[in-house]
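See below for the structure under consideration.
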Amino acid sequence: MWKPYWRLLAMLLIVAAATGCLFGGDDDDDDIDTPSVPAVVSVVPADDAIHVEPWDEIQVEFNVLMDEASVVATTTLSDPTRGEVAFSTLWLGRVLTIDPEDELDRGVVYTLTIGASAESAEGEPMAAAFTSSFITLPNYPVVLFTSPADGATGVATNTSVYIEFS
């Protein structure tokens with residue numbers, strides 16, 4: 001009567017050992033892919049973007065969790081005419097959202113800078129300062145999109161043309 005229970009117990013122990021539940025998994029390689037030096041992995045709007053809406057927020061994604069206070073303290077958003085722009089921030093995991101307090105001026109180059117003294121949550125500073133620039137929409141209408149695309153070939157003669165303006 002006890003034989004079936006021993007077989008079941010033996011099978012469960014084999015499965016647990018095979019999956020690493022019983023004797024522990026191989027955790028030694030978990031930190032291999034974890035970066036230690038913080039860096040910016042993406043920014044929206046992208047560096048050198050044009051025709052950015054003056055009311056758009058800016059999002060910066062880091063490769064690791066950051067010390068929020070050190071990042072905000074070293075972050076500036078500026079333009080060549082009025083200097084630094086006041087903004088508020090919001091964090092969601094590794095993503096920093098920057099929301100300018102006032103609508104940005106039109107047709108102006110803005111530069112976002114995050115200083116090298118910004119630190120990860122573990123206290124590791126960035127290897128170098130991060131800088132990205134973008135240009136807001138001008139005061140006059142611009143073409144944002146066309147269909148068919150500029151330079152398209154093989155377009156049927158009965159194709160409708162679509163133009164999107166700012």
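The values are calculated or read from the model by the stated rules, or taken from the named source; none is laboratory data. Remember, predicted model here, so these are calculated numbers, not experimental data. Cβ sites come from the backbone with ideal geometry, for glycine too, and all protein chains shown count toward neighbours. All accessible areas refer to the heavy atoms of the entire protein, side chains included, with ligands and DNA or RNA removed. Shrake-Rupley method; radii C 1.70, N 1.55, O 1.52, S 1.80 Å.
Odds and ends about this structure:
- Pairs of Cα atoms farther than 20 Å apart, the stretch 40-166, %: 51
- Apportionment of accessible area to carbon and sulfur, the stretch 39-166, percent (1.4 Å): 52
- A cut-off under 13 angstrom between Cβ atoms defines the neighbours of His51, and their net charge, with Lys, Arg +1 and Asp, Glu -1, is -3.
- In the context of the full set of protein chains, residues of the stretch 77-166 present 62 Å² of accessible surface per residue (probe radius 1.4 Å, heavy atoms only).
- Ratio Rg/Rh [Cα only; Rh per Kirkwood] for the stretch 39-106: 0.95
- Counting only heavy atoms of the protein chains and using a 1.4 Å probe, Phe134 has close to 10 Å² of accessible surface.
- Counting only heavy atoms of the protein chains and using a 1.4 Å probe, Val44 has close to 80 Å² of accessible surface.
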